[in-house]
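Data block below; observations after.
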Amino acid sequence: MSSNDGIKKTLIVAFSLCIVCSVVVSTAAVVLKPVQEVNKTLDRKRNILAAAGMLEQGVSVETQFEQVESRIVDLRTGKFTDEVDPKTFDARKAAKDPSMSETLSAEADIAKIKRRGDYAEVYLVSSASGDLEKIILPVHGYGLWSTLYGYMALESDLNTVIGLGFAEHGETPGLGGEVDNPSWKAKWPGKKVYKDGEVELGLIKGTVDPSSANAAWQVDGLSGATLTSNGVSNLVQFWLGEQGYQPFIENLKAGEA
């Protein structure tokens, strides 16, 4: 056998192996996609429940989530809308679609998200009598290395924090990654968002002085992670401010949402 025949056979075997591997990988991706979507939805619901302090171990997430109502808010009007179906709404895709989002000016874009979607999916928890008990709001913004995606839950007064949790980020473990630390997350419940109509809530450098007149609006900063701390403050102030949910919150308080 000539050397050319040997090379030809080697190339044929390598090519055939590539084809087989490609078919296997493609098939696996198609077969596993429905499972991945189910797990993604389940994880989203788990994070929403956790932010609201409603996640119970040993109880089905789906069962617990039956208490939660999903609604779409038009951020341009600050009111609920039925023009978008919560079941098919994808906030990230919408934020990239010029027909469903707007470009933010450098001055307005304190969360560094570049574009803000016109719509947002919010989550409501009501009592048996229909009174609002909790609301959970999706928030996101840039930290040091990544965009942090999470949820902030508020009490029925729409000013008192129940919890803040991040479902996705790429911050440095042990530094900015401490946003996942239960001890740090435990510092949020009971904090206030608004003061004299303005968003005052944010992280400070160091530890909050309980005797301070502003303690109710302050959260301990993340040690050694100033830029991530700033990012968290900025995303909270953006999304709870005029460019985010504040018009909706004011309408909801007035019964006009």
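Details
- Among residues of the stretch 219-251, those that are outside any loop (DSSP other than H, G, I, E, B) and either under 21 Å from the mean Cα position of the chain (by Cα) or closer than 16 Å to Phe166 by Cβ (or both), counted: 20
- Test: residue in the stretch 159-171 that is out of contact with any Lys or Arg (no Cβ under 9 Å at 6 or more places or on another chain), over 23 Å from Val73 (Cβ atoms) and either assigned to a strand (DSSP E or B) or of a type outside the set (D, E, K, R) (or both): yes
- Elements of type strands (runs of 3 or more DSSP E) contained in the stretch 72-130, each with 2 or more residues being of a type in the set (Gly, Ala, Ser): 119-126
- Single match in Thr103, Thr77 (criterion: touching a residue at least 60 places away in the same chain (Cβ under 8 Å) and hydroxyl-bearing (Ser, Thr, Tyr)): Thr77
- Just so you know, in the stretch 110-124 the residues that are in contact (Cβ under 8 Å) with a residue 24 or more places away in the chain and farther than 17 Å from Ile72 by Cβ include one that is surrounded by the most Cβ atoms within 10 Å (Cβ to Cβ), and it is Ala111.
- Scanning the stretch 180-215 for residues that are out of contact with any helix residue (DSSP H, G or I) (no Cβ under 9 Å at 6 or more places or on another chain) and surrounded by 16 or more Cβ atoms within 10 Å (Cβ to Cβ) returns Lys187, Trp188.
- Within the stretch 125-145, the residues that satisfy the criterion of being out of contact with any strand residue (DSSP E or B) (no Cβ under 8 Å at 6 or more places or on another chain) and surrounded by fewer than 17 Cβ atoms within 10 Å (Cβ to Cβ) are Ala128, Ser129, Gly130, Asp131, Trp145.
- Number of the exception - Ala257 against (1) closer than 24 Å to Gly53 by Cβ; (2) at pLDDT 95 or above; (3) not in a strand (DSSP E or B): (2)
The values are calculated or read from the model by the stated rules, or taken from the named source; none is laboratory data. All values reported here derive from a predicted model rather than from experimental measurement. Counting neighbours? That spans all protein chains shown, and the Cβs are built from the backbone with ideal geometry, glycine included.
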